[in-house]
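For reference, the structure discussed in these notes is given below.
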Amino acid sequence: MFTDLKDKVVVITGAGSGIGKSFAEAFGKAEAKVVMNYRSEHHVEDVDQSIKLIEEAGGQAIKVQADVSVEADVNRLVQTAVDTFGTLDIMINNAGFEKPIPTHEMPLEEWQKVIDINLTGAFIGSKAAVNQFFKEDKKGVILNTSSVHDTIPWPNYANYAASKGGLKLMMETMSMEYAQYGIRINNISPGAIVTEHTREKFSDPTTRAETLEMIPAKEIGEADQVANVALFLASDLASYIHGTTIYVDGGMTNYPAFMGGKG
């Protein structure tokens, strides 16, 4: 279906696990050339498994360790993609971090850590991608993994919600700047998604039931459902989509508390 993604060079940050890993494997199956970024050494084995899967599917992949909150690291990540595959077509700023802390107890360093990874990291990645697109005088695609919490408040996650809210307006602003050059910039905002990080949590009957109450579709999403949206937005099928957020959330952003019809 996404045949135009064949041989496209895509950089994916935070590709060592979760949704990012699913992105990498989905683009690999579309026979893209995938640059998988990871930060922690404990993700190396998972990344290697994904690379093997991608190569078996007819794609190509390499791994690059880098900290997305460090500009020199991100510049090196993009340059490695160009040095290896000759160009950059798609930049996916996916790396993210969250940790619940009541706002009045949140140390400044915990606030800053989440902002640095989730928001500043996406800024650095987007900036590097735009500069590369300009250098090559080509059109390109930038996708950011945001969250339903770019619009839904989340108690005890003030830093996370702030980072995702900021990411939404950053994306929209950058899209207004660069759409005229054929650079498409959009966000994907997942809701409750099963990954290796959340599988245990959602396996708890109480937690699962509480989560399903927030989802009109009454089911928790899968990472490949988010990856399918990334494939679409990166493809020529989405050639006229600029500055948009697509929510992959089973309707979570649609005020499910009103489903009882008593409002």
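The values are calculated or read from the model by the stated rules, or taken from the named source; none is laboratory data. What you see is a predicted model, and the numbers here were worked out from it, not measured in a lab. No Cβ is skipped: glycine too gets one built from the backbone with ideal geometry, and neighbour counts run over all protein chains shown. What goes into the accessible areas is simple: the full protein's heavy atoms, side chains included, and nothing from ligands, DNA or RNA. Shrake-Rupley method; radii C 1.70, N 1.55, O 1.52, S 1.80 Å.
Going through the range 237-247 one residue at a time, which ones are open to solvent by 20 Å² or more (accessible area, probe 1.4 Å), outside any loop (DSSP other than H, G, I, E, B) and within 25 Å of Lys139 (Cβ to Cβ)?
Leu237, Thr245, Ile246
Could you tell me how many of the residues in the range 186-207 are within 22 Å of Tyr255 (Cβ to Cβ) and modelled with pLDDT of 95 or more?
7
Are any of the residues in the range 148-165 closer than 28 Å to Asp4 by Cβ and either assigned to a loop (DSSP other than H, G, I, E, B) or touching a residue at least 60 places away in the same chain (Cβ under 8 Å) (or both)?
Among the residues of the range 148-165, not one is closer than 28 Å to Asp4 by Cβ and either assigned to a loop (DSSP other than H, G, I, E, B) or touching a residue at least 60 places away in the same chain (Cβ under 8 Å) (or both), which makes the answer no.
Could you run through the range 220-236 and say how many residues are more than 23 Å from Ile183 (Cβ to Cβ) and assigned to a helix (DSSP H, G or I)?
Selection size over the range 220-236: 3.
Among the numbered criteria (1) exposed (fewer than 13 other Cβ atoms within 10 Å of the Cβ); (2) in a loop (DSSP other than H, G, I, E, B), which one does Ala217 miss?
Every listed condition holds for Ala217 apart from (1).
Sort through Glu98, Glu105, Glu109 and tell me the only one that's open to solvent by 40 Å² or more (accessible area, probe 1.4 Å) and either touching a residue at least 40 places away in the same chain (Cβ under 8 Å) or within 15 Å of Ala32 (Cβ to Cβ) (or both).
That would be Glu98, the only listed residue that is open to solvent by 40 Å² or more (accessible area, probe 1.4 Å) and either touching a residue at least 40 places away in the same chain (Cβ under 8 Å) or within 15 Å of Ala32 (Cβ to Cβ) (or both).
So which residues in the range 100-123 are over 20 Å from the mean Cα position of the chain (by Cα) and of a type in the set (S, T, N, Q)?
Within the range 100-123, just Thr103 meets the criteria.
Would you check if Asp83 is without any contact (Cβ under 8 Å) to a residue 40 or more places away in the chain and either open to solvent by 30 Å² or more (accessible area, probe 1.4 Å) or among the polar types (S, T, N, Q) (or both)?
On the way: without any contact (Cβ under 8 Å) to a residue 40 or more places away in the chain: yes; either open to solvent by 30 Å² or more (accessible area, probe 1.4 Å) or among the polar types (S, T, N, Q) (or both): yes.
Criteria met by Asp83.
Looking at the range 94-146, which of its residues are part of a loop (DSSP other than H, G, I, E, B), under 23 Å from Leu169 (Cα atoms) and not hydroxyl-bearing (Ser, Thr, Tyr)?
If the condition is that a residue be part of a loop (DSSP other than H, G, I, E, B), under 23 Å from Leu169 (Cα atoms) and not hydroxyl-bearing (Ser, Thr, Tyr), then Asn94, Ala95, Gly96, Phe97, Glu98, Lys99, Lys139 are the ones that fit.
Which strands (runs of 3 or more DSSP E) does the range 1-93 wholly contain that include 1 or more residues that are among the β-branched types (Val, Ile, Thr) and under 15 Å from the mean Cα position of the chain (by Cα)?
Result: 9-12, 33-38, 90-93.
Restricting attention to the range 17-36, does a residue exist that is touching a Leu at 6+ places or on another chain (Cβ under 8 Å) and among the acidic types (Asp, Glu)?
Yes; the residues of the range 17-36 include at least one that is touching a Leu at 6+ places or on another chain (Cβ under 8 Å) and among the acidic types (Asp, Glu).
Taking the range 175-214 as the search range and keeping residues that are open to solvent by 20 Å² or more (accessible area, probe 1.4 Å), in contact (Cβ under 8 Å) with a residue 40 or more places away in the chain and part of a helix (DSSP H, G or I), which one is nearest to Ala128 (Cα to Cα)?
Top of the filtered list is Tyr178.
Out of Val68, Val44, I need the residue that is farther than 23 Å from Leu233 by Cβ and open to solvent by less than 60 Å² (accessible area, probe 1.4 Å). Which one?
Numbers: Val68 fails: farther than 23 Å from Leu233 by Cβ.
Just one listed residue meets the conditions, Val44.
Lys168: among the charged types (D, E, K, R), open to solvent by 30 Å² or more (accessible area, probe 1.4 Å), closer than 28 Å to Ala30 by Cβ and outside any loop (DSSP other than H, G, I, E, B), yes or no?
Here the answer is yes, as Lys168 does meet what is asked.
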